[in-house]
Amino acid sequence: MSWRDILGWATDTQAQNPHYSQNTTKHDVSADCANTALQDRNFTRSLTDACQIVELTPLQLHQALSPEDVDDWIAGRFDDRTLAALAQVVAENRQIDQGIVPEAFTAIAVCEGCGPVWLRVAAHVHGCPWCWNRAAGRPVPRPPGYRKFP
Ligand SMILES: [Zn+2]
């Protein structure tokens, strides 16, 4: 899963401009090792910065990224703000997997599959992040007064 998939960004532009074909010179075998070390240090710093306000380690964030994601970051196709947003989503997804309601999920919504659930906005939705928990038999925390569904 790429950073575009995790953040829910449209993928139709990927088909027109696949990232592995945009910059064919990025894997130049004569690349300077010093540049690679600098990129690694900058990437590590960005991972650390992105994890400052979320419950996620830089290693966990790095593990959530695909090799293509790292190439995209190095090529400047997404910036540190996007990396921070990605860290937020990855941290929230980890909480959801554990049945923990993310801090930003303050609204009571109704999912067609799960029933009443905590989400970012109060809405009626066809599917939600808790659907994965329900399908896997993991906990789906309910708002007060909605203990069982259906
Ligand atoms: Zn659901």
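Where a number appears in this text, it was derived from the coordinates with a stated rule and is not lab data. All values derive from a computational prediction rather than experimental measurement. Ideal geometry is used to build each Cβ from the backbone, glycine not excepted, and the neighbour counts take in all protein chains shown.
Just a few scattered comments:
- When restricted to residues that are exposed (fewer than 12 other Cβ atoms within 10 Å of the Cβ) and among the charged types (D, E, K, R), the stretch 41-91 contains 3.
- Residue, surrounded by the fewest Cβ atoms within 10 Å (Cβ to Cβ), within the stretch 110-121, restricted to residues that are within 12 Å of the ligand (Cβ to nearest atom), in a loop (DSSP other than H, G, I, E, B) and of a type outside the set (Asp, Glu): GLY113
- Qualifying residue in the stretch 122-137 (condition: away from the ligand (no atom under 16 Å from the Cβ), closer than 21 Å to ARG4 by Cβ and not in a helix (DSSP H, G or I)): no
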